[in-house]
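The values are calculated or read from the model by the stated rules, or taken from the named source; none is laboratory data. What you see is a predicted model; the values in this text were computed from it and never measured. Reconstructed Cβ throughout: ideal geometry from the backbone, glycine too, with neighbour counts over all protein chains shown. With ligands, DNA and RNA removed, areas are computed over all heavy atoms of the protein, side chains included. Shrake-Rupley method; radii C 1.70, N 1.55, O 1.52, S 1.80 Å.
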Amino acid sequence: MKKLLSLMLFTSCAFANDPPSERQEVLRNLLKHDCGACHGLTLKGGLGPALLPENLQGKPDDFLVTTILEGRKGTAMPPWRQFINADEALWLIGVLRKPK
Amino acid sequence: MTKLLPILGLLISFNALAELRATGDLGVVIEREQGNALIFNTSQHKQLAKIEQLGDLSHASVVFSRDQRYAYVFGRDGGLSKIDMLQDKLVKRIVQAGNSIGGAISQDGKLIAVSNYTPGGVKVFSSETLELVADIPADAGDGKLSKVIGLVDIPGQRFAFSLFDADQIWILDLKNSKKPDITKFKDIGKQPYDALISSDGRYYIAGLFGDSGLAMLDLWHPELGIKRILPDYVKDDEKLPVYKMPHLEGWADTGDYLLAPAIGKHEVLVIDKRNWQLVKAIPVAGQPVFVMGRPDGRQAWVNFAFPDNNQLQIIDIKDLTLQKTLTPGKAVLHMEFAPRGEEVWVAVRDDNQVVVYDTDTLQEIARLPAQTPNGIFFSSRAHKIGF
């Protein structure tokens with residue numbers, strides 16, 4: 001599983017699993033507004049923590065992908081698996097990690 | 001010259017006439033992404049001005065001075081802006097914290113309180129100068145500052161608010177603003193996420209994210225402490241995921257009933273204020289965000305969290321049933337009723353519009369352009385407790 005994940009990471013870095021561009025638009029809008037409802041429009045935090053590159057530093061992709069897909073029980077972070085697949089979550093993390 | 005004078009006088013008075021403006025029926029529409037506040041004449045559905053560069057307004061709210069001349073805008077980035085609605089200009093803007101969630105104006109109109117996430121606490125400012133009057137860090141005793149939510153004005157020159165991370169409700173008394181007095185209620189229930197004050201200023205009720213039911217404080221009987229209402233409603237393990245926290249401000253306080261959004265369930269709760277029992281849970285289209293009562297108390301309008309945020313449902317209070325479902329557009333974020341309720345204005349973020357409905361026929365009356373609108377605030381709020 002670990003191997004598979006890193007393989008997935010690798011291929012997504014090579015753009016193979018990036019969502020198509022119109023889907024990227026939808027995801028960016030989702031990130032800005034719907035994730036932004038808790039993390040802030042500028043992702044500097046709100047009810048949820050800030051999601052700026054420095055906040056995510058040192059946290060592995062698969063850990064953050066799991067957070068997005070499954071949410072975190074006992075906290076306000078909801079699961080998004082119904083709306084976002086693993087590749088899309090990984091792509092979103094790439095967007096979050098990129099300095100703005 | 002003597003001939004000229006009367007003409008000049010006429011010109012001046014004409015000018016003054018053109019500029020006369022009353023402020024009792026103005027409204028402020030927040031443009032989330034641009035960080036603007038639009039000033040509308042709400043009777044004429046007409047935009048009068050745009051006040052720009054108010055910072056990050058992604059979660060913004062507005063209170064009004066009681067002469068209805070000034071609007072105070074609370075931004076996400078800790079910004080507090082004072083707008084003169086007579087002259088369409090920004091009077092002053094300060095950034096008073098790193099991250100904030102809302103604010104309130106005191107009973108006498110002289111103080112503005114802001115609730116902050118970082119640094120967690122409440123800051124109080126003079127409404128005239130925006131100078132700091134009191135700084136109340138939300139230190140729950142362990143040195144960590146809690147995020148503050150559900151800040152409202154209550155009678156007696158006081159404010160009430162809740163500590164999300166510390167499960168407390170505080171009452172801040174500013175009768176002597178140099179010596180703020182705080183009363184703390186602890187262990188009120190886990191993670192209060194927002195709160196409301198009844199329209200008479202008597203009951204302060206906080207919704208709980210991490211517990212079932214709501215925490216209620218009767219301000220006429222503070223000695224009785226916090227009462228948990230609907231304690232058996234929605235146990236943690238039955239909760240659906242919540243994609244946006246419900247808002248309790250603007251709740252429907254209609255006669256004997258209080259209507260509030262359930263959390264983690266697609267229901268609107270009808271609570272009997274006489275005994276705090278659940279009268280009915282009305283199934284609705286999604287996770288409700290706002291449940292707002294028409295001023296006459298006959299209807300409640302409900303909007304929803306993602307992914308059901310294209311809809312708007314209307315509950316008929318007469319028999320507590322759904323009257324109609326409307327689909328105004330993509331991402332319905334907020335509503336505001338005309339002071340006596342004949343119209344409601346609805347912010348539709350992704351369609352860049354404010355949609356106005358006739359609340360009697362439920363027909364659309366107008367669509368007003370606004371970029372990513374997320375909040376609508378009419379100056380009639382100036383005279384209402386809790387707004």
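What the table below lists for this structure:
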item: Listed residues B:Asn275, B:Asn36, B:Asn310, most fluctuating in chain B (Gaussian network, C-alpha, under 10 Å); result: B:Asn275
item: Test item: Cα-centred dipole of the protein assembly as shown, Lys/Arg +1 and Asp/Glu -1 on Cβ, debye; result: 740
item: Accessible surface ranking that places the most exposed of B:His59, B:His334 first, with a 1.4 angstrom probe; result: B:His59, B:His334
item: Extension gain from B:Gln34 to B:Asp88, taking 0.36 nm per residue of separation minus the Cα-Cα distance; result: 17.7 nm
item: Translational D in µm²/s for the protein assembly as shown (Stokes-Einstein at 20 °C, 1.002 mPa s, Kirkwood Rh from C-alpha pairs); result: 91
item: Aspartates and glutamates with Cα under 18 Å of B:Lys265, excluding same-chain neighbours fewer than 8 positions away; result: B:Asp194, B:Asp211, B:Asp232, B:Asp236, B:Asp237, B:Glu238, B:Asp308
item: Size of electric dipole in region B:48-187: Cβ of Lys, Arg +1 and of Asp, Glu -1, about Cα centre, debye, nearest 20; result: 240
item: Cβ-based charge dipole, region B:45-132, positive-most Cα from B:Leu48, B:Gln87, B:Ala60; result: B:Leu48
item: Estimated 222 nm signal from helices in chain B, with DSSP H stretches of n ≥ 4 weighted -39500 (n - 2.57), rounded to 500; result: -1500 deg cm²/dmol
item: Whole-Hz couplings from phi, Karplus 6.51/-1.76/1.60, listed for region B:313-325; x for Gly and Pro; result: 10, 10, 9, 8, 6, 4, 10, 6, 10, 6, 9, 6, 10
item: Listed residue (B:Leu362, B:Ser380, B:Asn352) projecting farthest to the positive dipole end of region B:244-387, Cβ model; result: B:Ser380
item: Selection of chymotrypsin sites (Phe, Trp or Tyr not before Pro), region B:125-233, meeting DSSP coil and at most 13 other Cβ within 10 Å; result: B:Trp220
item: Lys/Arg +1, Asp/Glu -1 at C-beta; region B:244-387 dipole; positive extreme among B:Asn309, B:Ala260, B:Gln323; result: B:Ala260
item: Shielding of B:58-66 by partner chains, average beta-carbon count, 10 Å; result: 2
item: Relative contact order (%) - chain B, alpha-carbon pairs under 8 angstrom, separation at least six; result: 11
item: Segment B:Glu364-B:Thr321, extension gain: residue separation times 0.36 nm, minus the distance between their alpha carbons; result: 13.3 nm
item: Nearest-ten-degree value, helix B:4-19 long axis tilted from longest Cα axis of chain B; result: 20
item: Share of alpha-carbon pairs per 5 Å distance bin for region B:48-187, given as whole %; result: 2, 11, 22, 23, 20, 12, 6, 3, 1, 0
item: Whether region B:244-387 is rounded, prolate or oblate, judged on the alpha carbon gyration tensor where a/c under 1.5 counts as rounded; result: prolate
item: Distance in nm between pseudo-label sites at B:Arg66 and B:Asn41 (7 Å out along the Cβ direction from Cα); result: 2.8
item: Filter on A:Lys44/B:Lys179; A:Lys44/B:Lys178; A:Lys44/B:Lys123; B:Lys89/B:Lys244; B:Lys147/B:Lys184; B:Lys273/B:Lys318 - keep pairs with C-alpha separation over 24 Å; result: A:Lys44/B:Lys179; A:Lys44/B:Lys178; B:Lys89/B:Lys244
item: Label point distance in nm, B:Thr183-B:Glu342, each placed 7 Å from Cα along Cα→Cβ; result: 4.3
